[in-house]
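Novice: Please find one structure pasted underneath; my questions will follow.
The values are calculated or read from the model by the stated rules, or taken from the named source; none is laboratory data. For clarity, every value in this text was computed on a predicted model and none was experimentally measured. Note: ideal-geometry Cβ built from the backbone for every residue, glycine included; neighbour counts use all protein chains shown. The accessibility values were calculated without ligands, DNA or RNA, using every heavy atom of the protein model including side chains. Shrake-Rupley method; radii C 1.70, N 1.55, O 1.52, S 1.80 Å.
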Amino acid sequence: MRMTNKIMRNNAAYNINQNKILQDKLTNQMTNQSKIVRPSDDPVVAIRALRLRSNVTAVTQYNEKNAKDADQWLALTADAMDTVDQVLTDLYKLATTAPDKYQTSDDLRIIMSEMKQLTAEFYSCANVDYAGRFVFSGYRTDLPVTFTEEDMKEMEEHPVSFNIDEDFGFQDISRVSYTDYTKVEDGIASNPPIPPADITDEYSYEQAVQNTTLYRFRISYNNLDSLKEGGDLKITMPDGTEITATAKDATGNVQLDADGNPVVVTTPADANGNPIIKEFGDQEEAYKAIADGFEGIAYIPLSGELVFSEQFYNENFNEKAFEGGNTFHVNYDKSTWQNGDINPIHYFKCIEKKNVAAPNENPDWRRTAYNTQRDQGRNQDIYYDVGYNQQIQVNTRADEIFTHDVQRDMDDFEHYLKQLQDIETLEKNLETKRDEFAEDSPEYKDLTERLEGVSKAKTYIRDNIHTKFENQITKYQKYMDDSRVAMTDNATRGSRLELIATRLTNQQATFKELQQDNEGIDITEVAVEMTSAELTYNAALMATGKIMQTNLMNYI
């Protein structure tokens with residue numbers, strides 16, 4: 001083969017260029033700290049790099065974003081539940097020691113004042129938020145669990161009413177005691193006092209004082225809409241019988257009698273044509289009516305109670321009536337709300353009716369239906385992806401901890417406090433009035449006998465309060481147990497998350513190491529290769545320059 005100068009020159013140029021390409025490759029590796037610049041440099045390394053980068057990105061997202069976010073949510077929830085547990089513990093202690101500390105209504109009022117503050121703190125914990133999301137509100141993280149001052153201002157401009165469905169079981173029936181001492185008060189206003197006709201030596205004031213046990217379903221809210229003002233009440237008995245009580249006619253207007261008073265109609269009525277449901281203005285009026293023989297359900301919108309006699313209980317609400325999953329269902333209206341009331345959309349199947357019209361304009365009611373069943377809100381659980389095919393629940397629902405009963409128990413204490421205040425006031429008035437008469441007068445004797453009746457009534461009322469505190473100890477214990485179950489669930493999720501986070505951290509380090517091994521360079525090795533390539537390049541230039549200085553013509 002004939003080798004010419006041109007061939008040698010071309011070969012030398014090609015080889016020198018290849019050496020420059022190698023130098024460029026090594027320079028890029030040094031500057032980029034990567035074996036390849038483009039996939040064509042090494043397709044195997046490129047494919048493996050894409051997979052490893054995807055793994056690193058996913059693990060980084062799980063470990064540094066999702067897991068940390070979930071951990072902060074769980075930690076904030078745990079802090080709130082710690083406060084709830086402390087509040088319930090303090091209420092429990094008060095319920096345990098209160099009967100030994102109070103002697104008068106003033107003493108009881110002081111104790112109740114502290115219990116009210118603790119109750120308010122209990123519900124304020126329900127509105128804890130994390131980065132603008134309320135942690136106990138399920139999927140509705142933009143809505144607090146209880147109504148706030150801002151909600152109250154909004155309702156002033158745009159009133160809100162709820163139609164609420166609520167179910168009760170046999171365990172929801174409670175007993176209340178009513179002390180009737182009306183005979184003691186009869187005729188006191190007269191001067192001198194006039195004894196009732198049925199009070200004799202054989203039937204004294206003391207004998208006239210009676211303590212009656214009543215039964216009730218306590219609705220989750222008080223201050224419900226009165227039937228006489230347009231509210232509705234529909235109940236379904238455990239046997240399936242539906243009873244409706246309303247004062248509205250077919251067009252929705254309140255029916256009035258000849259005197260202009262609202263007429264409440266119950267459909268159906270009892271066998272004698274009497275209403276099964278009857279509305280009463282307050283507890284005392286309703287309790288007395290049942291004690292005097294009303295055989296039906298007394299509806300008390302003010303206190304949110306459905307009260308009935310022992311006979312009615314035995315006939316309609318005994319344990320057997322609730323067998324097979326039967327419930328007592330109540331549908332009612334509530335349009336009066338206060339700061340701190342629990343928003344029913346987090347607990348019940350309900351319909352919100354909101355007037356969205358501007359002030360001074362005709363009402364424009366918009367309806368929104370919610371279908372959150374109490375104790376069945378599992379579809380409101382929030383899960384975070386914290387690993388490959390791994391999820392962890394981060395939220396605790398409000399219905400797991402924040403029961404309406406804590407506030408409703410305080411309503412009961414308010415009622416008992418009023419009873420104690422009233423009987424103490426009556427006792428003082430009778431003592432003052434008795435001092436106006438001579439000790440040997442008939443009036444003095446009558447007032448003394450009335451005071452004996454008051455003493456008996458006061459004993460009943462104080463015994464009822466003691467019984468309430470004793471029962472309350474058990475209730476607060478149950479509230480604490482429910483709270484601690486939720487706390488344990490939250491802590492268990494946190495412990496599991498710690499294990500997952502540890503594994504994610506190890507996986508993240510492993511994938512990054514594999515990525516470095518796959519894409520990264522050995523700087524020492526590349527530096528040596530780069531120096532060798534440079535020396536080779538310089539030597540090639542010198543050799544080529546020397547060879548190219550002479551050619552065949554120099555010898556001719």
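Novice: Return yes or no: is Ser226 in contact with a His (Cβ under 6 Å, 6 or more places away or on another chain) and either at positive phi or small (Gly, Ala, Ser) (or both)?
Specialist: Criteria not met by Ser226.
Novice: Please verify whether segment 258-276 includes one or more residues that are of a type in the set (Gly, Ala, Ser), surrounded by 12 or more Cβ atoms within 10 Å (Cβ to Cβ) and modelled with pLDDT of 80 or more.
Specialist: no
Novice: Which of the residues belonging to segment 148-179 are farther than 30 Å from Tyr287 by Cβ and not in a helix (DSSP H, G or I)?
Specialist: Thr148, His158, Pro159, Val160 - these are the residues of segment 148-179 that are farther than 30 Å from Tyr287 by Cβ and not in a helix (DSSP H, G or I).
Novice: Then there is this: Do we find a residue being within 30 Å of His404 (Cβ to Cβ), basic (Lys, Arg) and in contact with a helix residue (DSSP H, G or I) (Cβ under 8 Å, 6 or more places away or on another chain) anywhere in segment 228-235?
Specialist: No, segment 228-235 contains no residue that is within 30 Å of His404 (Cβ to Cβ), basic (Lys, Arg) and in contact with a helix residue (DSSP H, G or I) (Cβ under 8 Å, 6 or more places away or on another chain).
Novice: Report, by residue number, each residue of segment 186-218 that is in contact with a Gly (Cβ under 6 Å, 6 or more places away or on another chain), more than 15 Å from Tyr444 (Cα to Cα) and not in a loop (DSSP other than H, G, I, E, B).
Specialist: Glu206
Novice: Can you say whether Ile473 is of a type in the set (Val, Ile, Thr), in contact (Cβ under 8 Å) with a residue 24 or more places away in the chain, assigned to a helix (DSSP H, G or I) and closer than 27 Å to Ala98 by Cβ, as far as the supplied structure shows?
Specialist: Considered against the rule, which asks whether it is of a type in the set (Val, Ile, Thr), in contact (Cβ under 8 Å) with a residue 24 or more places away in the chain, assigned to a helix (DSSP H, G or I) and closer than 27 Å to Ala98 by Cβ, Ile473 comes out as yes.
Novice: Only one of these is touching a strand residue (DSSP E or B) at 6+ places or on another chain (Cβ under 6 Å) and more than 30 Å from Ser455 (Cβ to Cβ): Val406, Val386. Name it.
Specialist: Checking each option against the conditions leaves just Val386.
Novice: So which pairs qualify, if the first residue must be in segment 102-126 and without any contact (Cβ under 8 Å) to a residue 24 or more places away in the chain, the second must be open to solvent by less than 60 Å² (accessible area, probe 1.4 Å) and among the small types (Gly, Ala, Ser), the Cβ gap must be under 8 Å, and the two must be at least 6 apart or on different chains?
Specialist: Hits for this filter: Ile111/Ala98.
Novice: Search segment 439-461 for residues that are within 19 Å of Gly187 (Cβ to Cβ) and pair each with any residue that is open to solvent by 70 Å² or more (accessible area, probe 1.4 Å) and hydrophobic (A, V, I, L, M, F, W, C) when their beta-carbon atoms are under 9 Å apart and the residues are at least 6 apart or on different chains.
Specialist: These pairs meet every condition: Asp446/Ile194.
Novice: Which of the residues spanning segment 97-126 are outside any helix (DSSP H, G or I) and either under 24 Å from Tyr370 (Cα atoms) or open to solvent by less than 40 Å² (accessible area, probe 1.4 Å) (or both)?
Specialist: Tyr102
Novice: Kindly indicate which of Tyr313, Tyr347 is open to solvent by less than 20 Å² (accessible area, probe 1.4 Å) and either modelled with pLDDT of 95 or more or within 28 Å of Ala286 (Cβ to Cβ) (or both).
Specialist: Tyr347
Novice: While we're on this one: Can you tell which of Tyr62, Tyr92 is more than 30 Å from Asn464 (Cβ to Cβ) and either within 21 Å of the chain's Cα centre (by Cα) or touching a residue at least 24 places away in the same chain (Cβ under 8 Å) (or both)?
Specialist: Result of the check over Tyr62, Tyr92: Tyr62.
Novice: Next question. With the checklist (1) surrounded by 13 or more Cβ atoms within 10 Å (Cβ to Cβ); (2) closer than 26 Å to Ile401 by Cβ in hand, flag the one item Gly325 doesn't pass.
Specialist: (1)
Novice: Does at least one position in segment 280-296 carry a residue that is at pLDDT below 90 and among the small types (Gly, Ala, Ser)?
Specialist: The answer is no, given that none of the residues of segment 280-296 is at pLDDT below 90 and among the small types (Gly, Ala, Ser).
Novice: Now for a separate question. Among the numbered criteria (1) of a type in the set (Lys, Arg); (2) buried (at least 20 other Cβ atoms within 10 Å of the Cβ); (3) assigned to a strand (DSSP E or B), which single criterion is violated by Lys183?
Specialist: That leaves (3) as the condition not met.
Novice: What residue, among those in segment 422-432 that are touching a residue at least 12 places away in the same chain (Cβ under 8 Å) and out of contact with any Lys or Arg (no Cβ under 8 Å at 6 or more places or on another chain), is most open to solvent (accessible area, probe 1.4 Å)?
Specialist: The extreme case among them is Asn429.
Novice: Here is a further query. Considering (1) without any contact (Cβ under 8 Å) to a residue 12 or more places away in the chain; (2) of a type in the set (Asp, Glu); (3) open to solvent by less than 70 Å² (accessible area, probe 1.4 Å), say which one Glu352 fails and leave the rest.
Specialist: Evaluating Glu352 over (1) without any contact (Cβ under 8 Å) to a residue 12 or more places away in the chain; (2) of a type in the set (Asp, Glu); (3) open to solvent by less than 70 Å² (accessible area, probe 1.4 Å) leaves (1) as the failure.
Novice: I need the full set of residues from segment 127-151 which are open to solvent by 40 Å² or more (accessible area, probe 1.4 Å), modelled with pLDDT of 90 or more and aliphatic (A, V, I, L, M), in order please.
Specialist: The one that is open to solvent by 40 Å² or more (accessible area, probe 1.4 Å), modelled with pLDDT of 90 or more and aliphatic (A, V, I, L, M): Leu143.
Novice: Check off (1) in contact (Cβ under 8 Å) with a residue 40 or more places away in the chain; (2) of a type outside the set (Lys, Arg); (3) open to solvent by less than 50 Å² (accessible area, probe 1.4 Å) for Thr213 and give me the number that stays unchecked.
Specialist: Among (1) in contact (Cβ under 8 Å) with a residue 40 or more places away in the chain; (2) of a type outside the set (Lys, Arg); (3) open to solvent by less than 50 Å² (accessible area, probe 1.4 Å), the lone unmet condition for Thr213 is (3).
Novice: Here is a list of conditions, (1) surrounded by 13 or more Cβ atoms within 10 Å (Cβ to Cβ); (2) hydroxyl-bearing (Ser, Thr, Tyr); (3) under 30 Å from Lys68 (Cβ atoms), and Tyr444 meets all of them except one; can you say which number that is?
Specialist: Condition not satisfied by Tyr444: (3).
Novice: Hey, can you tell me all the residues within segment 328-344 that are within 17 Å of the chain's Cα centre (by Cα) and either more than 28 Å from Glu154 (Cβ to Cβ) or open to solvent by 60 Å² or more (accessible area, probe 1.4 Å) (or both)?
Specialist: The answer is Gln338, Asn339.
Novice: A further question on this structure: Might you check whether a residue that is more than 18 Å from Tyr178 (Cα to Cα) and part of a helix (DSSP H, G or I) occurs anywhere in segment 434-442?
Specialist: yes
Novice: Open to solvent by less than 20 Å² (accessible area, probe 1.4 Å), touching a Gly at 6+ places or on another chain (Cβ under 7 Å) and under 30 Å from Thr83 (Cβ atoms), is that true of Arg397?
Specialist: Judged against the criteria, Arg397 is a match.
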